[in-house]
Amino acid sequence: MIKLIYGPKGFGKTKIIKDDVNAVAKTAKGNVVFITDTKVYSVDIDLNVKCVFTEEYAISSVDAFSGFLQGLIAGNSDIEHIFIDGIKRITSERDLSAYEKFFAELKKIANDNDVAVELTVSADKNELPKFMLDLIG
């Protein structure tokens, strides 16, 4: 399952995803991972959640981030939930159509490994391509 949280900058997407992370952390049987670009966004995350900061891994493209996620899941079969805050900040890609292959791969990875994924994207609803609109939760 993939859930997309969208809205313009300042809408409160980070607060929503942090609340969701902390709620899931209380009941998850497997591992919960929170991925964002910088440590600033990890404030108030449950201590049982693994926080991963992509600034430490020099991720700068959609393909690099896709490979990073695949490696993360391959290295830990106990991951149950992955939360990604700020996909555009992480990948530095502003053109939302460039994410189509990434989302197709993400759906396959999530389904094949029984991992729930929730992510945020800074964009208005009218800017979202169809493949993203289908994921609005």
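Every read-out reported here was derived from the displayed coordinates using simple, explicitly stated rules and does not represent laboratory data. Quick caveat, the model's predicted, so the values are computed rather than measured. Positions of Cβ are backbone-derived with ideal geometry, glycine not excepted, and every protein chain shown enters the neighbour counts.
Observations, loosely collected:
- Of all residues in the stretch 7-42 being hydroxyl-bearing (Ser, Thr, Tyr), more than 12 Å from the chain's Cα centre (by Cα) and more than 16 Å from Ala116 (Cα to Cα), the one that is surrounded by the most Cβ atoms within 10 Å (Cβ to Cβ): Tyr41
- Residue ID - surrounded by the fewest Cβ atoms within 10 Å (Cβ to Cβ), chosen from residues in the stretch 90-113 that are in contact (Cβ under 8 Å) with a residue 24 or more places away in the chain and either among the β-branched types (Val, Ile, Thr) or within 23 Å of Ala25 (Cβ to Cβ) (or both): Asn113
For (1) in contact with a Ser or Thr (Cβ under 8 Å, 6 or more places away or on another chain); (2) small (Gly, Ala, Ser); (3) part of a helix (DSSP H, G or I), each residue gets a yes or a no:
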{"position": "Ile16", "(1), (2), (3)": "yes, no, yes"}
{"position": "Ala25", "(1), (2), (3)": "no, yes, yes"}
{"position": "Val32", "(1), (2), (3)": "no, no, no"}
{"position": "Ile35", "(1), (2), (3)": "yes, no, no"}
{"position": "Ile45", "(1), (2), (3)": "no, no, no"}
{"position": "Asn48", "(1), (2), (3)": "no, no, no"}
{"position": "Glu55", "(1), (2), (3)": "yes, no, yes"}
{"position": "Ser60", "(1), (2), (3)": "yes, yes, no"}
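- Some residue of the stretch 72-89 being part of a helix (DSSP H, G or I), touching a residue at least 60 places away in the same chain (Cβ under 8 Å), among the β-branched types (Val, Ile, Thr) and in contact with a helix residue (DSSP H, G or I) (Cβ under 8 Å, 6 or more places away or on another chain): no
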